[in-house]
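Before any comments, here is the structure.
The values are calculated or read from the model by the stated rules, or taken from the named source; none is laboratory data. Quantities reported herein were computed from a predicted structural model and do not represent experimental measurements. Here Cβ is always computed from backbone atoms with ideal geometry, including for glycine, and neighbour counts include all displayed protein chains.
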Amino acid sequence: MAITLDGSSPLFYDSALPAVAGAVFLTILLRPAKRRWRLTTLAATGFIVLLSGRRNVWLALVVALVVVLFVRSGRAKNLARLAVGGGLLAALVALVSPDVLDAISKRVLSSISTANGSATEVATTQHLDDLRYGWQYALNAPFLGYGPNHPPLPGLAVQQGTLYVHNEFLLDWLRYGRARPGERRCAHHRNVHAGH
């Protein structure tokens, strides 16, 4: 079975699970204290991050690693831990499923190619279009937004249901504007308690 890492698995639809796994992975990897399940947890969280197919989580983890290397004392020790941990994870992934490393490199390269205009990948193009169109729509209604039940706007990737863009901050701005910050909390509270 070929692994595509397209982010379509229900387990990884949202970035929350791989983001939490990435935070756990980073914390355990850089903690000097010995823990009973350390290697198992590192492997499990590393697999979740890699198999998520969520490029934003991968990028955030890389940025966090770089920041940690420069902020924490003992940079050489941290770098050695990262190198050993990353190498072991890559070797384990390559042994268990060689397709994963190839799928990850294809996903990253296709994103870079789409972002610089030399290729097109539908998911990346839709995300970039959402950002571009969403930003313009937000500037057209900066204070009051369009409302939480507004139908989709032309040019956005999702054209059914209610207004949606692939960026939480921009989505909130489009729905609620900047002048109604309390409405988002009230709407979220109503949705949570109504079971949505």
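Worth pointing out:
- Residues in the range 103-120 that are closer than 15 Å to S52 by Cβ and polar (S, T, N, Q): S111 only.
- Hey, A80 outside the structural domain of V62 (by TED's automatic domain parsing) and without any contact (Cβ under 8 Å) to a residue 60 or more places away in the chain or not: no
- Between V71, V96, V62, the distinction of being aliphatic (A, V, I, L, M) and under 22 Å from the mean Cα position of the chain (by Cα) belongs to V62 only.
- Checking every residue in the range 135-156 against the condition of being closer than 18 Å to R54 by Cβ and under 23 Å from the mean Cα position of the chain (by Cα) gives zero matches.
- Hits in the range 164-177 - residues which are in contact with a Phe, Trp or Tyr (Cβ under 7 Å, 6 or more places away or on another chain) and farther than 18 Å from A123 by Cα: L174, R175, G177
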